[in-house]
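Okay, so here's the structure we're looking at.
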Amino acid sequence: MCLAIPAKIIEITKNTAKVESLGVSKDVDISLLPEAKVGDFVIVHAGFAIQVIDEEEALKTHEYWKEYLDAEKPK
Amino acid sequence: MQKSLNKYISDIKKINPDRPINIMEVCGTHTMAISRNGLRQLFPENINLISGPGCPVCVTSLKDIDWILEIVKNYDMQIFTFGDMLRVPGSKNSLQDLKSSGKKINVCYSPMDALNFAISNPKKLTLFIAIGFETTAPLTAVILKRAKENNLNNFFVFSTHKVVPPALEILLEDRKVKIDGFLCPGHVSAIIGSTPYNFIPEKYEIPCVISGFEPMDMVSSVHSILKQITDKKPEVEIQYKRVVKKNGNPEAIKQIYSVFEPSNADWRGLGKIPGSGLCLKESYQKFDSKTKFPVKSIKPKEHPGCDCGKILKGIKKPNQCKLFAKACTPEYPIGPCMVSSEGSCAAYYKYERHGKD
């Protein structure tokens with residue numbers, strides 16, 4: 001139930017944003033994030049964006065994922 | 001540079017205290033992530049990961065389930081619910097059984113689907129079964145506000161919404177299970193932030209780490225809990241910083257409390273917890289199915305062998321229930337923990353049925 005998916009905001013019309021996640025685009029409600037803007041990455045839960053993802057922190061996570069995946073590669 | 005998974009594991013072994021450590025996760029998605037990724041096997045034997053009351057469907061009381069079923073049975077309505085609720089057994093039957101007998105029960109992805117249906121079909125009574133913790137409650141709040149703006153007379157909500165922190169306090173007061181650390185839920189905390197958990201280190205001296213859902217997030221969160229234990233400095237730490245802010249999402253909190261007010265709530269396994277529920281405020285009463293659609297008295301009858309209550313408190317593990325994988329399976333579930341995609345019995349059944357305890 002709490003599985004929330006990160007997605008990027010492509011355009012905003014009133015309370016609705018078109019977001020894209022892994023190549024799929026859909027409309028989500030952004031009433032809970034009044035400061036969200038185009039280009040933000042957001043967490044989507046049951047059709048609503050519930051939080052903006054901190055890009056710097058997200059990139060840090062990518063760094064350690066890269067390291068983890070490199071370490072797991074077959075030698 | 002962040003540490004690699006192997007480095008975390010070797011650091012955990014270095015700082016691991018020489019005694020049993022019980023770490024409770026309070027989020028169904030964490031429960032699933034632990035089982036699916038085999039995380040239990042990564043840690044030293046003395047580190048015991050136990051599931052708490054983190055699955056909203058599982059903690060919904062049998063009385064509420066029976067109440068919902070009675071409303072559905074007795075009134076002609078279009079019902080909207082999340083998929084996990086469909087097969088949860090009530091005392092006599094489930095929503096799935098009622099759907100098979102012709103009741104109009106729709107599985108929805110978003111609460112907005114229920115609202116949009118009600119707007120497009122003003123002559124059809126529409127009921128949304130609102131279930132979930134602080135992550136989902138603001139969504140229900142938004143659709144109720146829209147229902148009010150649209151002056152809808154055909155839209156209703158059955159709220160079983162609950163808030164997490166009071167349940168943690170009950171577990172800590174209960175002392176049947178010794179908890180040495182909490183892995184706090186990621187997306188509940190995206191809404192409420194970290195401060196509502198402050199009483200846990202302050203009053204009970206127990207570490208809390210708000211964790212993300214990837215294996216790396218969870219391993220580093222377990223490491224942080226152990227570090228707080230060995231340093232004797234319990235605090236609320238946010239590991240899932242890319243999403244969780246200290247103050248959470250203030251707009252979402254504002255939305256919740258503009259529509260709901262705290263109430264007592266029955267939790268499966270934990271009983272009645274003061275202030276842990278969210279009921280509709282006076283100004284939203286016209287949307288409350290509990291008052292609009294009365295039912296005769298409900299006498300919930302628990303299955304005598306089902307240990308869901310003990311499992312939700314961390315007293316028993318799923319495979320210690322005598323029904324587990326015998327009378328109770330995902331195909332023929334007896335308790336909600338085997339039904340929900342986030343239930344700990346379902347997680348054990350799917351991924352850890354043949355592994356160690």
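The values are calculated or read from the model by the stated rules, or taken from the named source; none is laboratory data. Just so it is clear, the model here is predicted, and its values are computed rather than measured. So basically every Cβ, Gly included, is an ideal-geometry build from the backbone, and we count neighbours across all protein chains shown. Accessible surface is based on the protein model in full, side chains and every heavy atom, while ligands, DNA and RNA are left aside. Shrake-Rupley method; radii C 1.70, N 1.55, O 1.52, S 1.80 Å.
Results, tabulated for the structure shown:
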| item | result |
| --- | --- |
| Residues within the range B:29-49 that are within 18 Å of the chain's Cα centre (by Cα) and more than 22 Å from B:D84 (Cα to Cα), tallied | 1 |
| Which listed residue, of B:F199, B:F182, is touching a residue at least 40 places away in the same chain (Cβ under 8 Å) and of a type in the set (F, W, Y) | B:F182 |
| Residue ranges of helices (runs of 4 or more DSSP H) in the range B:35-93 with at least 2 members farther than 23 Å from B:C308 by Cα | B:39-42, B:62-74 |
| Answer residue from the range B:57-90, given it is of a type in the set (F, W, Y) and closer than 14 Å to B:A114 by Cβ and is nearest to the other protein chains (Cβ to nearest Cβ) among those | B:F82 |
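To keep it simple, each residue is scored yes or no on (1) more than 21 Å from the chain's Cα centre (by Cα); (2) modelled with pLDDT of 95 or more; (3) not in a strand (DSSP E or B); (4) not β-branched (V, I, T).
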| position | (1), (2), (3), (4) |
| --- | --- |
| B:I273 | no, yes, no, no |
| B:L278 | no, yes, no, yes |
| B:Y284 | yes, yes, yes, yes |
| B:K299 | yes, no, yes, yes |
| B:G305 | yes, no, yes, yes |
| B:G314 | no, no, yes, yes |
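Residues are listed down the side, and each one gets a yes or a no for (1) in contact (Cβ under 8 Å) with a residue 40 or more places away in the chain; (2) open to solvent by 10 Å² or more (accessible area, probe 1.4 Å); (3) touching a Leu at 6+ places or on another chain (Cβ under 7 Å):
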site: B:K124; (1), (2), (3): yes, yes, no
site: B:F128; (1), (2), (3): yes, no, no
site: B:I131; (1), (2), (3): yes, no, no
site: B:P138; (1), (2), (3): yes, no, yes
site: B:K145; (1), (2), (3): yes, yes, no
site: B:N150; (1), (2), (3): no, yes, no
site: B:V157; (1), (2), (3): yes, no, yes
site: B:P166; (1), (2), (3): yes, yes, no
